[in-house]
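Structure, as structure tokens:
The values are calculated or read from the model by the stated rules, or taken from the named source; none is laboratory data. Not measured: the values here are computed from a predicted model. Because the Cβ atoms are built from the backbone with ideal geometry, glycine has one as well, and the counts that use them run over all protein chains shown. Ligands, DNA and RNA are stripped out before the accessible areas are found, and what is left, the full protein with its side chains, is counted by its heavy atoms. Shrake-Rupley method; radii C 1.70, N 1.55, O 1.52, S 1.80 Å.
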Amino acid sequence: MTGWTPDLPTIGLVVVLGAGYVVAVRRADTPWPRSRHVAFGVGVALIALLGVSFVGRYADTLFWVRALQVITLLMVVPLCLALSSPVALVLAVRPSLRGVLASRAARVLAFPATASLLLVATPWLLYFTGWYSLVLRNTVVDHLSRLVLLLVGFLYFYSRLQLDPVPHKYPHLISIVITFVEVIFDAALGLVLWLNPHIIAETYYQALGRTWGPSLRTDQIIGAGILWLVGDLAGLPFLGALMNRMSHDDATEAAEIDRQLDEEAAAEDPAAPPKLWWENDPVLSERFRRS
């Protein structure tokens, strides 16, 4: 717990993200909510801790520490960043970038199936291909992979929460269904790593000659539990934010309907007899008219 390491790429990323956020908030025309400041701050702080704390120091030594880093970068940090609405902030400072959201690439990436498939497939590809061993042996691949995890996770939560402007809005019910499917895949990954008799990157870990801590098998079992548990726990605040978003959208839609009805009522002839409530609904009015 007291082991720290000066991870310069991580420190550089944190400085760039923090400075960019501060500059964008100051240049934005409207004040940014405090809750978004908190969400962004937590996300950036987690990025720093995952690089310079014991997680960054022992990620190449213990399987469970690397698992903690992977699932936090994939599920927890991106959720915090998505809750801070960074895309809306960038567009508030650079409105000319709105055209990017209308591009075909943006529509494909933000499509529910695309973002969800990337989120589910990424950890499976990491652990069951040569990618994982390469991450352990190559520092450049390690840091690029961390960035990939961040981007994949952010794309998922950005397109599902829809707090920011998105290429196309989808019903929030789709996001709820996708969340439960994603939970199943998280559990499956954890179970496969737990019950799999094969040790991931066994040759690498044996070459370390580690004489302390858990055995290679126990180390992988602990890591499997972390992947499963943290992945599922990250879904709880996401569902809460999603429910809050659904409630907010319903209230906004109801207020818009009330406004339209008030405008129609104000435009009607005062001498005309008042209409019944169902006469303002196009479906019901047509049904009663035919009757």
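What the table below lists for this structure:
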quantity	calculated
Inter-label distance for Ala188 and Leu134, nm, one decimal - labels placed 7 Å from Cα along Cα-to-Cβ	2.4 nm
Burial order of peptide ranges 136-147, 67-78 (average beta-carbon count within 10 Å, highest first)	67-78, 136-147
Packing rank of 184-194, 221-231, 124-134, 52-62, where each peptide gets the mean count of other beta carbons within 10 Å, highest leading	221-231, 52-62, 184-194, 124-134
Estimated dipole of region 38-196 in Debye, rounded to 20 [Cβ of Lys and Arg +1, of Asp and Glu -1, Cα centre]	380 debye
For Gly231, net neighbour charge (Lys/Arg +1, Asp/Glu -1) across residues whose Cβ lies under 9 Å away	-3
Computed magnitude of the charge dipole of region 1-92 (debye, nearest 20; Cβ of K, R +1, Cβ of D, E -1)	200 debye
Region 141-184: C-alpha gyration tensor shape, a/c 1.5 cut-off, then a/b vs b/c	oblate
Dipole moment magnitude, nearest 20 debye, region 114-246 about Cα centre, only Lys, Arg, Asp, Glu C-beta charged	140 debye
Heavy-atom accessible surface of region 114-213: percent carbon and sulfur, 1.4 Å	75 percent
Mean Cβ neighbour count within 10 Å, used as a protection proxy, ranking 158-169, 208-219 highest first	158-169, 208-219
Accessible area (Å², per residue) of region 88-129, counting only protein heavy atoms and a probe of 1.4 Å	55 Å²
Whole-Hz ³J(HN,Hα) from phi, Karplus 6.51 cos²θ - 1.76 cosθ + 1.60, for region 143-148, glycine and proline x	6, 5, 5, 4, 5, 4
Selection from Ala59, Val15, Thr30, by position along the positive dipole direction of region 1-62 (Cβ)	Thr30
Within the accessible area of region 17-71 (1.4 Å probe), percent carbon and sulfur	63 percent
Residues of region 32-58 with amide N under 20 Å of a point placed 7 Å along Cα→Cβ from Thr5	45-58
